[in-house]
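Data block below; observations after.
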Amino acid sequence: MYAKSLAVLALLSCSACTGVAGGGGGDKLTVEECRRYYSHTYSLDNMDAAKMLGEEGLERDSKTCSEAGSVTRRHFDCAVAAKSLDALQACGAPNT
């Protein structure tokens, strides 16, 4: 479980990502969608994003995610539909 947690946290470190691999702008997530993405994906590992990042950190990361376009619409749709860590990992990297 610990190894999966590390893998998921690595996937979620989107605030350091810049741009979208192979993406074309225009379909960036909103701040609210990015917040939903973080909240849902953390919850798959029984973690609370607001507690882990702090409310200010979650808001900052959600804003960065939206502005940078670091999570693609395709990945977002896959990730929020995921019901397990394995399903989330099958979605690939956030910028794909």
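Results, tabulated for the structure shown:
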item: Any hit, the range 39-62, residues being open to solvent by 50 Å² or more (accessible area, probe 1.4 Å), free of Cβ contacts under 8 Å to residues at least 12 places away in the same chain and part of a loop (DSSP other than H, G, I, E, B); result: yes
item: Residue list for the range 71-96, restricted to those being assigned to a loop (DSSP other than H, G, I, E, B) and out of contact with any Ser or Thr (no Cβ under 7 Å at 6 or more places or on another chain); result: 71, 82, 83, 84, 91, 92, 93
item: Odd one out for residue 14 among (1) buried (at least 18 other Cβ atoms within 10 Å of the Cβ); (2) modelled with pLDDT of 95 or more; result: (2)
item: Residue match in the range 25-38 (condition: at pLDDT 95 or above, at negative phi, outside any helix (DSSP H, G or I) and open to solvent by less than 40 Å² (accessible area, probe 1.4 Å)); result: yes
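The values are calculated or read from the model by the stated rules, or taken from the named source; none is laboratory data. Here the structure is a predicted model, which is why all the values come from computation and not from measurement. Cβ coordinates were reconstructed from backbone atoms using ideal geometry, including for glycine residues, and neighbour counts include every protein chain displayed. Each accessible area value is taken on the protein alone, full model and side chains, heavy atoms only, with ligands, DNA and RNA left out. Shrake-Rupley method; radii C 1.70, N 1.55, O 1.52, S 1.80 Å.
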